[in-house]
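What follows is one structure encoded as C-alpha cells, with my remarks underneath.
The values are calculated or read from the model by the stated rules, or taken from the named source; none is laboratory data. Everything numeric here is computed off the predicted structure, so don't read it as measured data. Here the Cβ positions follow ideal geometry from the backbone for every residue, glycine too, while neighbour counts run over all protein chains shown.
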Amino acid sequence: MNDILDRQALWNISYGLYVVSSVSGQKTNGQIVNSVIQVSADPPSIAVSINKNNLTHEYIQESGVLAVSVLEEETPMNLIGLFGFKSGRDVDKMSQVSCRDGQTGCPVVIDSSLCFFEGKVAGSVDCGTHTIFVAEVVGAQVIKEGTPLTYAYYRNVMKGKASKNAPTYKGDTGLQDKPEDKKMEGGMKKYVCNVCGYIYDPEVGDSEGNIEAGTSFEDLPDSWTCPVCGASKDEFSPEE
Ligand code: FE
C-alpha cells in the first residue's frame, strides 16, 4: 500500500442538510449541519458533528441538549444563509424564523422543516476541529410530508457552497460543481457570491434588498449585501 490520500474520494459520501439548535440560559442558536446520523435503535440515538468554533457547540456543551430539524428540498437559500453563513454571535437567528420550544428547553426550527428530533447528549468524541455529540432522542415529531434536502441537491441543484466550518469544507475549490450554461445572451451579467454561492440575477433583482428587477450588478448601491450570507459587493465575481 502506498500512502495516497485523495480527499476527493470523501466527496462521494452522502449527506442530508439539517438545522441543529441548542440553548444556553435565555440564549438560543442554531446552525446548518450536514452530518447527522442515527447511530442506534434502542435507545434511539443520533450523532452530530459540530465545529468547535461555533456558538452552537458552546451551547450544546453547556446545556447538554440539542434539536435537529430536517430541512425540506424547497428550503429557501436565505434560510440556509441565515443558519449556515451567519454567526449567532452577530445575529439572533431564531427570532428570524418560526420555531417552538421543545420539551428539552431547546428551540426547534419549524420553517422549511419536515420533522424534528430532540436529544440529550449521552457522550462526545473529540475529533480535532469538530466534536461528535451522541444524543439519545427523547422527542420527535413529523411536521409535514415532503422530500428531505440532501447535500448533493444543495450543491448541484441549488448551487450552494460549504461553510468554512463544515466538516466537508475543502477550501471551496468548486471542483465538485460542473458549470453549466449560465451565460445570458446579450443581457446583463449575473454575479456570484464567493462566500455562499448566491447568484445575483439582474433580471430578477433582489426583492429582500428592495432592488428592482432589471438592475445591473454595477448599479447596485455600494451598501448592498448578499441576501443569503451578508457578504459585501466586492465579494462577488462575474459568473463564468
Ligand atoms: Fe453570499
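Considering the conditions (1) surrounded by fewer than 16 Cβ atoms within 10 Å (Cβ to Cβ); (2) modelled with pLDDT under 80; (3) among the aliphatic types (A, V, I, L, M), residue 142 is excluded by exactly one of them, (2). Within the bounds of region 67-83, is there any residue that is aromatic (Phe, Trp, Tyr) and under 21 Å from residue 227 (Cβ atoms)? Among the residues of region 67-83, at least one is aromatic (Phe, Trp, Tyr) and under 21 Å from residue 227 (Cβ atoms), which makes the answer yes. Hey, does region 94-106 have a residue that's β-branched (Val, Ile, Thr), buried (at least 17 other Cβ atoms within 10 Å of the Cβ) and not in a loop (DSSP other than H, G, I, E, B)? No, there is no match, as no residue in region 94-106 is β-branched (Val, Ile, Thr), buried (at least 17 other Cβ atoms within 10 Å of the Cβ) and not in a loop (DSSP other than H, G, I, E, B).
Residue pairs whose Cβ atoms lie under 6 Å apart, separated by 6 or more positions or on different chains, with the first residue in region 81-106 and small (Gly, Ala, Ser) and the second crowded, with 18+ Cβ neighbours inside 10 Å and outside any loop (DSSP other than H, G, I, E, B), are 84/32; 88/29; 88/55; 102/67; 102/108; 102/118; 105/23.
Only residues that are in a strand (DSSP E or B) and more than 12 Å from the ligand (Cβ to nearest atom) were counted across region 191-215, and they come to 1. Here's a check for you: in region 216-236, which residue that is within 13 Å of the ligand (Cβ to nearest atom) and of a type in the set (Asp, Glu) is modelled with the lowest pLDDT? Once the filter is applied, the top-ranked residue is 235. As a summary of the residue check, residue 109 satisfies the conditions (1) under 20 Å from residue 26 (Cα atoms); (2) modelled with pLDDT under 95; (3) surrounded by 21 or more Cβ atoms within 10 Å (Cβ to Cβ) except for the one numbered (2).
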